[in-house]
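Some notes on the structure that comes next.
The values are calculated or read from the model by the stated rules, or taken from the named source; none is laboratory data. Computed from a prediction, not measured in an experiment: that's the story for all the values here. Every residue, glycine as well, gets a Cβ built from its backbone with ideal geometry; the counts of neighbours run over all protein chains shown.
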Amino acid sequence: MQELIKYGKKIVDAGLAHSHFGNVSKRVGDQMLISTTGSMLDELEGQIVTVSIDPASPDELDVIASTEVNVHRAIYKATSALAILHGHSKYAVAMSMLYKPGELIVPEDAESIYVLHEIPVVRGGVGSDELARNAATALRDHKGIVVQGHGTFARGATVDEAYVILSSVEHACTVKYLVDGAKRISV
Amino acid sequence: MKAVYGWKNKILRIDLSKGEVDSFAPEASLLRGYIGGRGLGAKIVYNAGQVDAFSPANLLVFAAGPLTGTTTPASGRVSLSTKSPLTGTIFDSNCGGSFGPELKKAGYDALIIAGKSQERVFIEIEDDKVDIRPAEKLWGKNVKETTSLLKNKGSVACIGRAGEKQVLLAAIMSDAVHAFGRGGVGAVMGSKNLKAVVVKGTGHVDIFDRAEFLKQKKLISRLLIASPTISKGLSVFGTPFLMKITSWMRILPVANFRKVEPDFNLSPFFAKSIVEQWSPQRRACYSCPIACKREDKEGNELPEYETIGLMSANIQNPDYSAVVEANRLCNDYGLDTISVAGVLGCYSEIRNKGISPAELLRFTRMIGEKEGMGEQLGWGAKLFSASECSPEKSIQVKGLELPAYDPRGVKGLGFSYATSNRGGCHTRAYLVAPEILRKPKAIDPYTLAGKAGHTKIFQDRFAAVDSLVVCKFAFFGVGEEEYANVLSAVTGVDYTSEDLMLVGERIWNVERVYNLREGFSKDDDTLPERFFEKKVDGRVIDREEFLKTRDEYYRMRGWTENGVPTERALKRLGI
Ligand code: SF4
């Protein structure tokens, strides 16, 4: 719980989510701790609920859990992730709109290439079954993805690792956006 | 004659004292300015002047709205207005089922029942044919039996033995399982020697712009499905999904609002356990895709959240099946479950003991039969506690027992109990939506800051919604904009969402002026003392802050510092 509260603050401080957007979760056995809908990531005290990770077993607290609770469930079911962070950082969202769903953003900088390899762009409405399916499939092979026109999902074996991925996606997208822009200007 | 859309432009009036039936066309300004349902009922009851709740002059006004009888999603509800014998306030009660649509299809926007019959009677309406018929053979029967004897004649709204005996907690039951609950409205019906109203309509409701109506209806249906509160909560579990949430938030009242932590395991009362143990089937009111009602495999109704919350932890009963049975008994006697549970909570505190499952059933029967201790319990928590010299143990506002949310943990909701025109009720402002379910936008439940404004806006909003008449639950997914559009398409009268808010404000002020005329004052806009004095879970309502919020609320309403609407405010609202 405390870990999610700590990283919720870091996500907002680093500009990886704004206002009431973004959500965080951590798997504990066959349950997950997840932030509530409408909560602010930098004020998560008392705003985290525990629900089942089984997609076949919806929980009453789903109603007040993040609207993306089904996406988190699908990712936990499809992958070995133990933590998932979701943010709406600027360059990741901008880059996702320059790509088509199914395409891969290939980072330019060495660190991002090393950490992320590439970043799939997926499609799906907020909290939709389509997004749950696409995000879970893409995260089987990758640690971070961007949802077109929406934001980033990052997974990790720890909350800290998921945070590294979340910030790396934004860093990779920022560098790539600037490099691509500079190339166009110099041509 | 100019064509009328949405409304039927006809109100049926029955005087039971004289045995007379007539109808009239209401003024266009009445329908436009108050829409229907609760608004129309409030204006008619207000215009009838000061009456005693049990005098023949008290009216029962069943009122549909312009959307009733159309296929607008969640528009199958109907409103009943009267003066409450429990609270002494103006009172409206909102009910599902199919009574409203049948009334509308029979050709009426509203049915006004005045007077008192010498004989025991029921009313039978089939379109233009209206009969007052003897009910001697029905008298003494409870709701299920009465309904099954009459249901081949149409949709039945009737009282059980509790209403006949004028128990102050009596409800009127529609189609056996839907309640015109709260406020003792069933006792008013009993006082008129009226056992039932049966209505059947073969007509339809004319729609001004069908293409636009269908477009708006489709949009509303889409928004309803997209709402997580509906798609993950109400449609999956029914209202009991709230049990786990209120328990997680530590606002589920325990031991007559003295604690928030029960001494027993609550999980059998949670919706998921109920699904596993009882395999509930979904049931819906007329034209409602949400279908939040639940029944067991035999088709018997299962209790709603408020009933479960108050008949379990709040009276210290650990047995869910006893709640199911007590709920059925209440429905059959025609009793309001919240008030029955509220008075039993009060009794248990006064006697300093929990209510066992067997006692819950025994006391419910005794209240319904008005016998033994049941007679005093049937007065409601306020009078019962006063008779026991323990008024501080009644958890009520203006005589109406509180629902299952401790106001110390949902302070806006608590403030809305205090300022409610019908007493301690969660549905007037329905701040359950933003403070508990975080819709349409989450607001901090633990503070009173900003709640004067929220309360006013939500009170006005739902006064308008109750006048359309549309189920409040639809507003988890849809806003007044969409319903203003559908209202315009149905009636041909151009309504904006701000127009709806203004109608809501007008209704709220009419109700307020009624209550002031009855002698209510600022002092009644308060909460039971324990919420200011005793902490639960580290929370209490700060009295100073509460009083400041109340002052701010009066100012926002354009009322004097004593909570009296000014001439100017009333003029602005056209009252
Ligand atoms: S949401 Fe439930 S109470 Fe409301 S109209 Fe639908 S079935 Fe009836």
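Filtering segment B:283-319 to residues that are more than 16 Å from the ligand (Cβ to nearest atom), surrounded by fewer than 24 Cβ atoms within 10 Å (Cβ to Cβ) and within 22 Å of the chain's Cα centre (by Cα) leaves only B:N300. Selection over segment B:479-522 of residues that are among the aliphatic types (A, V, I, L, M), over 23 Å from B:K398 (Cβ atoms) and either more than 16 Å from the ligand (Cβ to nearest atom) or under 20 Å from the mean Cα position of the chain (by Cα) (or both) gives a count of 9.
Restricted to segment B:427-471, and to residues that are in a helix (DSSP H, G or I) and among the charged types (D, E, K, R), which residue is farthest from B:G409 (Cα to Cα)? Even if it seems obvious, please write down each step before you answer.
To start, the set of residues in segment B:427-471 that are in a helix (DSSP H, G or I) comprises B:432-435, B:451-468.
Among the residues that remain, those that are also among the charged types (D, E, K, R) are: B:435, B:451, B:456, B:460-461, B:466.
Working: B:E435: 10, B:K451: 13, B:K456: 20, B:D460: 23, B:R461: 23, B:D466: 27 Å.
The extreme case among them is B:D466.
Considering only segment B:517-575, state which residues are aliphatic (A, V, I, L, M) and assigned to a loop (DSSP other than H, G, I, E, B). Full working, then the answer.
Restricting attention to segment B:517-575, the residues satisfying the condition of being aliphatic (A, V, I, L, M) are B:527, B:536, B:540-541, B:547, B:556, B:564, B:569-570, B:573, B:575.
B:L527, B:V540, B:I541, B:V564, B:L573, B:I575 - these are the residues of segment B:517-575 that are aliphatic (A, V, I, L, M) and assigned to a loop (DSSP other than H, G, I, E, B).
What are the residues in segment B:450-473 that are of a type in the set (V, I, T) and within 12 Å of the ligand (Cβ to nearest atom), if any?
Keep residues of segment B:450-473 that are of a type in the set (V, I, T), which gives B:455, B:457, B:465, B:469-470.
Those that are of a type in the set (V, I, T) and within 12 Å of the ligand (Cβ to nearest atom): B:V465, B:V469, B:V470.
Could you check, for segment B:235-242, whether at least one of its residues is within 16 Å of the ligand (Cβ to nearest atom), in a loop (DSSP other than H, G, I, E, B) and at pLDDT 95 or above? Full working, then the answer.
Quick first cut of segment B:235-242, residues within 16 Å of the ligand (Cβ to nearest atom) only: B:235-242.
Imposing the further condition that a residue be in a loop (DSSP other than H, G, I, E, B) reduces the set to B:238.
From what is left, the residues that are at pLDDT 95 or above are B:238.
Yes, the conditions are met somewhere in segment B:235-242.
Residues in segment B:261-315 that are of a type in the set (A, V, I, L, M, F, W, C) and more than 14 Å from chain A (Cβ to nearest Cβ): B:F264, B:W278, B:A284, B:C285, B:C288, B:A291, B:L302, B:L310, B:M311, B:A313, B:I315.
In the condition set (1) in contact (Cβ under 8 Å) with a residue 24 or more places away in the chain; (2) crowded, with 18+ Cβ neighbours inside 10 Å; (3) within 14 Å of chain A (Cβ to nearest Cβ); (4) farther than 30 Å from B:W379 by Cα, B:I251 is compliant with all but (4). Residues that are within 9 Å of chain A (Cβ to nearest Cβ) and surrounded by fewer than 22 Cβ atoms within 10 Å (Cβ to Cβ) within segment B:235-245 comprise just one, B:V236.
Taken together, B:A255, B:A284, B:A271 contain a single residue that is farther than 19 Å from A:S57 by Cβ and modelled with pLDDT of 95 or more, which is B:A255.
Which ones in segment A:61-91 are within 14 Å of chain B (Cβ to nearest Cβ) and among the charged types (D, E, K, R)? Let's see the steps before the verdict.
Going through segment A:61-91, the residues within 14 Å of chain B (Cβ to nearest Cβ) turn out to be A:61-73.
Matches in segment A:61-91: A:D62, A:E68, A:R73.
Of all residues in segment B:260-282, those satisfying the criterion of being touching a residue at least 40 places away in the same chain (Cβ under 8 Å) and within 16 Å of the ligand (Cβ to nearest atom) are B:P280, B:R282.
Only one residue in B:S227, B:S191 is of a type in the set (S, T, Y) and within 16 Å of the ligand (Cβ to nearest atom). Which one? First the steps, then the outcome.
Working: B:S191 fails: within 16 Å of the ligand (Cβ to nearest atom).
Result: B:S227 is the single residue among B:S227, B:S191 that is of a type in the set (S, T, Y) and within 16 Å of the ligand (Cβ to nearest atom).
I'd like to know if segment B:39-52 contains one or more residues that are within 16 Å of the ligand (Cβ to nearest atom), under 19 Å from the mean Cα position of the chain (by Cα) and either touching a residue at least 24 places away in the same chain (Cβ under 8 Å) or closer than 18 Å to B:D127 by Cα (or both). Quick ask: steps written out before the conclusion?
First, the residues of segment B:39-52 that are within 16 Å of the ligand (Cβ to nearest atom): none.
Within segment B:39-52 (the criterion being within 16 Å of the ligand (Cβ to nearest atom), under 19 Å from the mean Cα position of the chain (by Cα) and either touching a residue at least 24 places away in the same chain (Cβ under 8 Å) or closer than 18 Å to B:D127 by Cα (or both)), the answer is no, since none of the residues qualifies.
Scanning segment B:54-91 for residues that are within 30 Å of B:F208 (Cα to Cα) and more than 16 Å from the ligand (Cβ to nearest atom) returns B:V61, B:F62, B:A63, B:P66, B:S81.
Report yes if some residue within segment A:10-25 is closer than 18 Å to B:K244 by Cβ, more than 13 Å from chain B (Cβ to nearest Cβ) and not in a strand (DSSP E or B); otherwise report no. No, segment A:10-25 has no match at all. Among the numbered conditions (1) in a loop (DSSP other than H, G, I, E, B); (2) more than 21 Å from B:I11 (Cβ to Cβ), the only one that B:L67 does not meet is (2).
Here B:V177, B:V167, B:V188 are screened, and the one residue that is more than 17 Å from the chain's Cα centre (by Cα) and buried (at least 21 other Cβ atoms within 10 Å of the Cβ) is B:V167.
Can you tell me which residues in segment A:115-135 are assigned to a loop (DSSP other than H, G, I, E, B) and under 15 Å from A:M95 (Cβ atoms)? Listed by number, the residues that qualify are A:E118, A:R123. Once segment A:99-131 is narrowed to residues that are hydroxyl-bearing (S, T, Y) and over 12 Å from A:G149 (Cβ atoms), the residue that is surrounded by the fewest Cβ atoms within 10 Å (Cβ to Cβ) is A:Y114.
Determine if segment B:198-217 includes at least one residue that is among the charged types (D, E, K, R) and within 14 Å of chain A (Cβ to nearest Cβ). Scanning segment B:198-217 turns up no residue that is among the charged types (D, E, K, R) and within 14 Å of chain A (Cβ to nearest Cβ).
Looking only at segment B:423-468, which residues are away from chain A (no Cβ under 14 Å), in contact with a strand residue (DSSP E or B) (Cβ under 8 Å, 6 or more places away or on another chain) and not β-branched (V, I, T)?
Pass one, segment B:423-468, residues away from chain A (no Cβ under 14 Å): B:423-431, B:448-468.
If we keep only those that are in contact with a strand residue (DSSP E or B) (Cβ under 8 Å, 6 or more places away or on another chain) too, we end up with B:423-425, B:427, B:466-467.
Scanning segment B:423-468 gives B:G423, B:G424, B:C425, B:D466, B:S467.
Could you tell me whether segment A:136-149 includes any residue that is charged (D, E, K, R) and part of a helix (DSSP H, G or I)? Within segment A:136-149, none of the residues are charged (D, E, K, R) and part of a helix (DSSP H, G or I).
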